[in-house]
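The values are calculated or read from the model by the stated rules, or taken from the named source; none is laboratory data. Computed from a predicted structure; not experimentally measured. Cβ placement follows ideal geometry from the backbone for every residue including glycine, while neighbour counts extend to all protein chains displayed.
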Amino acid sequence: MVLRRAAVFNGGFTLAAARAVVAGPDVAERDVEDVVMNLVAKSLLIADAGTDVIQYRLLDTTRAYAWETLEREGEAVHFERCHAEYFRAFFEQVAADWEVQQTEEWLSLNAPQIGNLRKALDWAFSDRGQPDIGVALVVSAVPLWLQFSLIDECLSRVKQALASLEQQPTADLHKKMQLHAALGWPQMATVTAQGGTPSWRAALAIAEQIGDVDYQLRALWALWVDCKNGGLPLEGLELAERFRNRAIHSAEPSDYFIGERLRGASLHILGRHAEARTSIEHMLDHYLAPIHRPHTVRFQFDQRATARNTLARVLWMQGHSAESLREVAENIQHTIDIGHKLSLSNVLAEAACPVAFLIGDLDLCERYTARLRAETRAQALNVWNTYADCFSGELLIRRGHPAAGLAMLHPGIEKLRRANFVYHHTAFLAALAWGLTQAGQAGKGLTAIDEALEQCQRTGEGWFLPELHRLKGEIMQALNAGATEAAQAAFEQALGLARAQGALGWELRAATSFAKLLHRQGRLEQAREALAAVRAKFARDLKTPDLDSAADLLAAL
């Protein structure tokens, strides 16, 4: 009886599972362990001791025979239900443990049960199953699917569960909300999963209907991320304010400061760097991570690490290159120390690589890009893996290999554009434009710059705007050496925008380009004064490629 009933398991099972599932009036729970040991001794069950908890399994031929016997005895339906009910409770505990256990421990304990999850779901959604058990299983299993990057399987099961709920006149709104949220999650990490935004909007609507503040915040955060990825910073700022206002009613006090982080990131993208820094530093000064319910579960990343991404970028904008680099290095170490690989990938993609390129340290760019590629390939995070392609292309261009760089950069930009991941789009377009110019295609380079400028005008994005105008002036001169008036106008616009933003990093570059133009025109004193005034705003002992270039030009002047 134990042997044939064990056929309901798909893959391994524990003694606890065996006691719960195969016992009955004719087999006492206390006897199951002795019977299992007896079956192992007869080689009818295999004991796998490779995990923390011994897993037992039937060989395929034995299982086929046992299943046939179970069907013939008329017990299959009953024990399939017992199996599904046990694993519903099991995966509900798995979902609860996800919020408190270390990731590696959690994965090692629960990974062996994926086969049983699939078996229970197949039964639950079959003609002889119970869809309510299936819905509960899907809701609980989402973290496991996502951690193993089983995106297609996750989406398929979530849609199956939602379709089942739609057929019920009194659907469980809480589970429906959770399923819509699960349908939205994959968009955060992959360029192939589309349609997450409507799902998060549906989750938000239900959360507001039932007064679930937690899921209101989760949905608002996800919609903010979508705005950031989609290059819509003004809409993102509005969502950040909604998050802060709603977080006042949260049971978790630190939620408000997550809203402050969202606000700071949006302000930075808009080019309002001083305000952004105020918000981010306010968040870092007051935020305390929950002990029992980590925000990596609710909001994907370590929140301090994500805030420091923005701070590192803003510090470079404000002329503090050394502090920016130090912030990046400490942040990388922090994510390594806490063992959260997703947060590490986020730091590499959104701070380490961009800051290294802003500073112009090409060796550091190479190291950070290689680390980003390795981390994201291992986790199947193809958005950031595509970022690594783009960064690699830009690195080749900067090292004097424009053809090879363009061959990597252009397809990466197109892949991100098709998936609406355009957070770094203007910066990549600028690299593309310069690569085209270096390859003797300045006309196409100018077109790429104009596309980036149009995006900024349409969306309000401002963080890269001064550099776009400076590059436009440089490319105009490459296209037509006599285009000095148009180039000067572009450089002056870049200078004006950089000063208005307090973006000293951009101001130095624009002043250098402007001084070079004046130098060529023989206006040496005016060139020297324009550049020296900007150089004087930096610490005297600070050294960067941009400052070295400015120093060389000042010496020539």
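The figures follow:
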{"read-out": "Flag for Ala111 being of a type outside the set (Val, Ile, Thr), within 19 Å of Phe13 (Cβ to Cβ) and at pLDDT below 90", "value": "yes"}
{"read-out": "Positions within region 255-276 being surrounded by fewer than 24 Cβ atoms within 10 Å (Cβ to Cβ) and of a type in the set (Ser, Thr, Tyr), in sequence order", "value": "Tyr256"}
{"read-out": "Glu80 at pLDDT 90 or above, buried (at least 18 other Cβ atoms within 10 Å of the Cβ) and not hydrophobic (A, V, I, L, M, F, W, C)", "value": "yes"}
{"read-out": "Filtered residues of region 146-186 (kept if outside any helix (DSSP H, G or I) and β-branched (Val, Ile, Thr))", "value": "Thr170"}
{"read-out": "Test result for Gln113, in the same structural domain as Leu146 (by TED's automatic domain parsing) and not in a helix (DSSP H, G or I)", "value": "no"}
{"read-out": "Qualifying positions in region 228-239 - part of a helix (DSSP H, G or I) and over 13 Å from the mean Cα position of the chain (by Cα)", "value": "Pro233, Leu234, Glu235, Gly236, Leu237, Glu238, Leu239"}
{"read-out": "Test result for His340, modelled with pLDDT under 95 and either buried (at least 16 other Cβ atoms within 10 Å of the Cβ) or over 16 Å from the mean Cα position of the chain (by Cα) (or both)", "value": "yes"}
{"read-out": "Failed item, numbered, when Ala66 is tested on (1) in a helix (DSSP H, G or I); (2) modelled with pLDDT under 90", "value": "(2)"}
{"read-out": "Qualifying residue in region 261-283 (condition: in a loop (DSSP other than H, G, I, E, B) and touching an Asp or Glu at 6+ places or on another chain (Cβ under 8 Å))", "value": "yes"}
{"read-out": "Count of residues meeting criterion [over 35 Å from the mean Cα position of the chain (by Cα) and either assigned to a helix (DSSP H, G or I) or of a type in the set (Phe, Trp, Tyr) (or both)] in region 474-489", "value": "10"}
{"read-out": "Contacts under 7 angstrom Cβ, first residue in region 407-425 being without any contact (Cβ under 8 Å) to a residue 24 or more places away in the chain and within 21 Å of Ala439 (Cβ to Cβ), partner among the charged types (D, E, K, R) and not in a loop (DSSP other than H, G, I, E, B), 6 or more apart", "value": "Met408/Asp389"}
{"read-out": "Close pairs (7 angstrom Cβ cut-off, 6 or more residues apart or separate chains): hydroxyl-bearing (Ser, Thr, Tyr) in region 529-557, assigned to a loop (DSSP other than H, G, I, E, B) anywhere", "value": "Thr544/Gly360"}
{"read-out": "Residue satisfying condition, being small (Gly, Ala, Ser) and in contact with a helix residue (DSSP H, G or I) (Cβ under 6 Å, 6 or more places away or on another chain), within set Ala16, Ala49, Ala28, Ala66", "value": "Ala66"}
{"read-out": "Enumeration of residues in region 30-49 that are assigned to a helix (DSSP H, G or I) and either without any contact (Cβ under 8 Å) to a residue 24 or more places away in the chain or farther than 22 Å from Asn10 by Cβ (or both)", "value": "Arg30, Asp31, Glu33, Asp34, Met37, Asn38, Val40, Ala41"}
{"read-out": "Some residue of region 60-80 being of a type outside the set (Lys, Arg) and either under 25 Å from Asp337 (Cα atoms) or in contact with a Cys (Cβ under 7 Å, 6 or more places away or on another chain) (or both)", "value": "no"}
{"read-out": "Among residues of region 40-62, those that are surrounded by fewer than 19 Cβ atoms within 10 Å (Cβ to Cβ) and either of a type in the set (Val, Ile, Thr) or at pLDDT 90 or above (or both), counted", "value": "14"}
{"read-out": "Tally, over region 1-39, of residues that are closer than 17 Å to Asn110 by Cβ and surrounded by fewer than 15 Cβ atoms within 10 Å (Cβ to Cβ)", "value": "1"}
{"read-out": "Top-ranked residue of region 187-217 - restricted to ones that are of a type in the set (A, V, I, L, M, F, W, C), assigned to a helix (DSSP H, G or I) and within 17 Å of the chain's Cα centre (by Cα), ranked as modelled with the highest pLDDT", "value": "Trp200"}
{"read-out": "Residue in region 512-528 that is surrounded by fewer than 15 Cβ atoms within 10 Å (Cβ to Cβ) and within 35 Å of the chain's Cα centre (by Cα) present", "value": "no"}
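For every residue, the table says whether it meets (1) surrounded by fewer than 24 Cβ atoms within 10 Å (Cβ to Cβ); (2) in contact with a Pro (Cβ under 7 Å, 6 or more places away or on another chain); (3) at pLDDT 95 or above.
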position: Ile475; (1), (2), (3): no, no, yes
position: Thr484; (1), (2), (3): yes, no, no
position: Ala490; (1), (2), (3): no, no, yes
position: Gly496; (1), (2), (3): yes, no, yes
position: Ala500; (1), (2), (3): yes, no, yes
position: Ala503; (1), (2), (3): no, yes, yes
position: Leu508; (1), (2), (3): yes, no, yes
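Per-residue answers, yes or no, for (1) of a type outside the set (Phe, Trp, Tyr); (2) at pLDDT below 95; (3) surrounded by fewer than 21 Cβ atoms within 10 Å (Cβ to Cβ):
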| residue | (1), (2), (3) |
| --- | --- |
| Arg308 | yes, no, no |
| Leu315 | yes, no, no |
| Glu323 | yes, no, yes |
| Val328 | yes, no, no |
| Cys353 | yes, no, no |
| Arg371 | yes, no, yes |
| Glu375 | yes, yes, no |
| Gly393 | yes, no, no |
